[in-house]
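J.: Have a look at the structure that comes next, please.
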Amino acid sequence: MNRIERLFGLTTLLQAKKYVPADELAAQFGISVRTVYRDIKALGEQGIPVSFEPNKGYFLVQGYFLPPVAFTPAEANALVLLEALAATLTDASIQAHVGTALSKVKAVLREPDRTRLQQFTSSIQLHLPEYFRGPADYLATLQTALAERRAVELDYCDKAGQSSQRYVEPIGLAFYNFAWHLIGWCQLRQAYRDFKVARIRRLTATSRLFSQAEHQLLTQYIAELHLPPAG
């Protein structure tokens, strides 16, 4: 996240909450409290009226609003549910972006709608089986590789405990059997392979584009797995 993105994120977070302490801002954006002070000063220099109240934190002076984005209450509620799913079923590389996105939603809601949204948030909980093990922080990198059609290199440990290095052209991410799976063309095996993300020990994005113009569709690969229907 560059500074411009961070300053925008600070503004939306301040608009979403009545007061925000400096240490909370620092934790949210992964910066020092000293950097928070500099960013708050920069916002003021840009005409954004940020003030401070002792023992409470920073706040936007009443009357300042970012250009509104239209969300119905139902749409906002759906995003809260998505946040709960993301917090449980993804990793830190995705969760941080979901959190900042939801802050932007809260920032443009009216106060009664914002209060109702916060109440709804506390009413959503997800509980997974104890054997579910979340993946390492690779999902965002894999998403980028998919979007840009770039290969990845990975160290993989299979279910037998055997390690190998793979060069993979991803065709998709699939979540089944309570685990994320990377599906892609494996250069070593010269075939499409299914890699459980939790078994990836190291992942590196490369600058190399896919060697094939067209790959098998993810939907076709998943259909060939003959997974049992839900329910």
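Read-outs: derived from the displayed coordinates by stated rules, not from any lab. Remember, predicted model here, so these are calculated numbers, not experimental data. Don't worry about glycine lacking a Cβ; one is built from the backbone with ideal geometry, like all the others, and counts go over all protein chains shown.
J.: Under a point-charge model restricted to the Cβ atoms of Lys and Arg (+1) and Asp and Glu (-1), what is the dipole moment magnitude of the range 1-66 relative to its Cα centre, in debye to the nearest 20?
T.: 40 debye
J.: Where does the chain land at 222 nm, in deg cm²/dmol rounded to the nearest 500, when only DSSP H runs of n ≥ 4 count, each adding -39500 (n - 2.57), divided by all residues?
T.: For the chain, the value works out to -13000 deg cm²/dmol.
J.: Any lysines with Cα under 25 Å of the LYS17 Cα? List them, leaving off those in the same chain fewer than 8 positions away.
T.: The qualifying lysines are LYS41, LYS56, LYS104, LYS106.
J.: Once the dipole of the chain is set up with Lys and Arg at +1 and Asp and Glu at -1 on Cβ about the Cα centre, which of TYR167, LEU13, LEU102 lies farthest towards its positive end?
T.: My answer, from the dipole projection, is LEU13.
J.: How large is Rg over Rh for the range 139-225, taking Rg from the Cα atoms and Rh as the Kirkwood inverse mean of 1/r across Cα pairs?
T.: Rounded to two decimals, Rg over Rh is 0.92.
J.: Oh, and also: Taking the Cα atoms of the range 1-66, report the difference between the largest and smallest coordinate on each principal axis, in whole Å and largest first.
T.: Per principal axis, max minus min of the Cα coordinates gives 28, 25, 19 Å.
J.: Also, I was wondering about something else. What is the sum of charges around LYS17, taking Lys and Arg as +1, Asp and Glu as -1, for the other residues whose C-beta is under 13 Å from the C-beta of LYS17?
T.: Surrounding charge for LYS17 is +2.
J.: Mind checking the dipole of the chain: about its Cα centre, +1 per Lys or Arg Cβ, -1 per Asp or Glu Cβ, Debye to the nearest 20?
T.: It works out to roughly 320 debye.
J.: Mind pulling the per residue volume of the convex hull built on the Cα atoms of the range 72-127? Å³ is fine.
T.: 66 Å³
J.: A further question on this structure: How far is it, in nm, from the label point at ARG150 to the one at ARG201 when both lie 7 Å from their Cα along the line to the Cβ?
T.: 2.5 nm
J.: While we're looking at this one, here's another question. Only Lys, Arg, Asp and Glu count, each charged at its Cβ (+1, +1, -1, -1), so figure out the dipole size of the range 126-231 about its Cα centre, rounded to 20 debye.
T.: Dipole size: approximately 240 debye.
J.: Would you mind ranking ILE124, ILE48 by Cβ crowding within 10 Å, fewest neighbours first?
T.: Result, fewest neighbours first: ILE124, ILE48.
J.: Please work out which option in (1) 73, 52, 27; (2) 61, 41, 33; (3) 61, 48, 29 gives Cα extents along the principal axes in Å calculated from these coordinates, and answer with its label.
T.: (2)
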